[in-house]
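Quick notes on the structure that follows.
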């Protein structure tokens, strides 16, 4: 059972739109190693865990990933809120905007929609935990963009252990 608290785990307050940054960050929402896939991966793997402690841990991590999904969605929403046509075109956001306007759609930065085919759930403790560690790789967009406000928010989501943020 989940309990939903009607607030973000960490406040997201982005005042200036940045459609180019949003087009990269959306991958952390619905890309191949994004929060949507992570939450489903952990919540699905928990059923085959042979130890109650691991089952509980994967449940906790999966629900935490849902909170991260919500934060990434808020970031993308705030980065695209109130965009005019010129900002959409000049910010490289037009391909996404054509299909979704400023709705938050689970997709990779390259435009591929989220797909469960990339999620590894094998029912084997070693395979599943190895899959989890591999999917927790570094964020490439953190190397492309530098934003103190965004770094502060993303630091709350444990990206620093992934080596993407200083």
Next item on the list: Collect the residues in segment 8-56 that are surrounded by fewer than 18 Cβ atoms within 10 Å (Cβ to Cβ), closer than 18 Å to residue 75 by Cα and either touching a strand residue (DSSP E or B) at 6+ places or on another chain (Cβ under 7 Å) or at pLDDT 90 or above (or both), keeping them in residue-number order.
Entry: 13, 15, 16, 20
Item checked: segment 97-116: number of residues that are in contact with a helix residue (DSSP H, G or I) (Cβ under 8 Å, 6 or more places away or on another chain) and within 11 Å of residue 80 (Cβ to Cβ) -> 3
Notebook entry, point to check: residue 66 versus (1) more than 19 Å from the chain's Cα centre (by Cα); (2) closer than 19 Å to residue 115 by Cβ: which is the lone unmet condition?
Noted result: (1)
Note to self: Report every pair of residues separated by at least 6 positions or lying on different chains whose Cβ atoms are under 9 Å apart, first residue within segment 2-17 and touching a residue at least 12 places away in the same chain (Cβ under 8 Å) and at negative phi, second in a loop (DSSP other than H, G, I, E, B) and surrounded by 10 or more Cβ atoms within 10 Å (Cβ to Cβ).
What the structure shows: 9/157; 10/157; 14/81; 14/147; 17/81; 17/83; 17/91
Checklist line | Residue within segment 44-59 that is closer than 30 Å to residue 88 by Cβ and in contact (Cβ under 8 Å) with a residue 12 or more places away in the chain present | finding: no
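The values are calculated or read from the model by the stated rules, or taken from the named source; none is laboratory data. The structure displayed is predicted, hence computed values, not measured ones. We place every Cβ from the backbone using ideal geometry, glycine too, and count neighbours over all the protein chains shown.
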